Amino acid sequence: MIELNWDRLASLCSAAITGAGGDAHTAAALTDAVLAAERRGNTAVGVAHLVDYLDALEAGRLNGTPRPLVRNDHRAVVTVSADDGIAQLAFRAARPVLTAAARECGVAVLSVSDSFPVGELGYYTSALAEEGLVAIAGANSTALMSLYGAPDALTGTNPLSFALPGRPPRLIDQASSTVAWVRIRDAAAAGELIPQDWALDPDGNPTTDAAAALLGPVLPFGGVKGSNLAMIVELLAVLSGALFSIDSPDFASGDQPPSVGMFLMALDPAAFADDYLHRVEEHLERLRVQYGIDFGRYYRSVERMALPDALHVRLEAAAGRTSGQ
C-alpha cells in the first residue's frame, strides 16, 4: 500500500487524467468527484473507479475534450449534452443555471444526456444540498442488471440519490441492484466467491463464481421492487435523449461512447415552508435518540489515503505521459 495525503493524491489523479487524454477542465471536475467519494468512504466509485475513466479516455470511448451544451428553454427545465464527456463536467456547466431556476421556481430539473456513467451519484446531490437545496437524482449506465427475472442484462444498476441540507448534508446513495457491479469485478480479480443472490451466470443461473457473474447480469434488490425502481430511474435518466441501457455500448470496452444520462431535481425548501428544514431535523433527531436511526449520514474523516500498489502504478503510468517520462 502507498500512503498519500489529499494534495498529493489530487495531483496524481489530475496528472493521470490529462496523461490519458483529458483536458484541464475534465481533470479538475473528475478529480474533485473522485476525492469526494474517497472522503466519504465510498471507495468503489473513488480512485479505483478512476481507472475505468482512464481506460475509456485512452480507448476513445470517453471524450477528453468535451464542450457541454447547456439549454434552459423552459424556466424550470435545464438540459445539457455532455458531448460524450464526463457527467461531472456537464454538471459544472449546468449547475449555476439549475440553482438559479430552483430559486426562482421553487423546483427545477436538470437532464444530462450523451454522458459517460456518472460515478458517485451522491456527488451531485450533496453539492446541491450544500447550497441549501433538497436534491434527488438518478442515472442509468451500460446494461449490467437483470429485470423481473430475465436472464439477460437489460438495464444499469441505476442508482438513486437523495440529499438534504445540513452540516454536513444528509445523503443517501444506493443502487437498484443487490450489490454494486464493481464489487463483483473486484471479487473476480481476487478469486473470491460471491453470495448466490448477487448475480446470474451467462446461462441465467444463480452463481457464486464472480468470474462467471461478470458474464451474466447483476440481480436487482428485492426482485420486482428493485426492478421497478430501476425502470423508473431509467425512464427519467433518458429524458433529454440519453440512450437506454440496453442500447448503450459497454463503458468498459471498445471505442464507442456509452452516451447514457442522469436526471437531477433541485427543490428550494424555503419555497414550500420556511421551517421545513428545522422540522425535518427535529424529526430525524427524534428517530436517532429514540430508535438509534441515523438517517443519511455515512461521512467519515479520512486524513490520508492508502492506495494498493497496482492502483498506484496505474495512476503513475498515466501521469508519466503528462510529464513526458
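Where a number appears in this text, it was derived from the coordinates with a stated rule and is not lab data. In this text, all values refer to a predicted model and were calculated from it rather than measured experimentally. As a convention, Cβ positions derive from the backbone with ideal geometry for all residues, glycine included, and neighbour counts pool all protein chains shown.
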ask   = For the stretch 7-93, what is the per residue volume of the convex hull drawn over the alpha-carbon atoms, in cubic angstrom?
value = 96 Å³
remark   = Counting sequence-distant residues (5 or more places) and residues on other chains, those with an amide H built under 5 Å from that of residue 199 are 207, 219
task = Could you check the simple spin-label distance between residue 294 and residue 107, using points 7 Å along Cα→Cβ, in nm with one decimal?
result = 3.2 nm
Value of [θ]222 nm, deg cm²/dmol, for the chain, DSSP H segments ≥ 4, -39500 (n - 2.57) each, nearest 500 = -12500 deg cm²/dmol
key: 15 Å beta-carbon shell around residue 191, net charge (K/R +1, D/E -1)   = -1
note = One checks the Cα atoms of the chain and finds Rg and Dmax, in Å, of 19.6, 59
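How big is the Rg/Rh ratio for the stretch 1-148, C-alpha atoms only, Rh by Kirkwood, two decimals?
When Rh is taken as the Kirkwood radius, the ratio is 0.98.
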Long-range HN-HN contacts of residue 107 with modeled amide H, under 5 Å = 268
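May I ask you to work out the translational diffusion coefficient for the stretch 176-322 at 37 °C, viscosity 0.692 mPa s, via Stokes-Einstein with Rh from the Kirkwood sum over Cα pairs, reported in whole µm²/s? Provide the component values of the computation, followed by the final result.
Working: Rh = 19.8 Å.
For these conditions, the coefficient is 166 µm²/s.
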query = Under a plain spin-label model, where a point goes 7 Å from the Cα along Cα-to-Cβ, how far apart in nm are residue 174 and residue 205?
reply = 3.2 nm
query = Applying 1/(1 + (r/R0)^6) with R0 = 45 Å to the Cβ-Cβ distance of residue 285 and residue 43, what FRET efficiency is obtained, to the nearest 0.05?
reply = 0.95
query = What order, most packed first, do the peptides 263-269, 34-40, 135-141, 74-80 have when packing is the mean number of other Cβ atoms within 10 Å of each residue?
reply = 135-141, 263-269, 34-40, 74-80
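Highest first, please rank the peptides 109-120, 62-73, 13-24 by the mean number of other Cβ atoms sitting within 10 Å of their residues.
On the way: 109-120: 26.8, 62-73: 17.5, 13-24: 22.5.
Going from most to least packed, we get 109-120, 13-24, 62-73.
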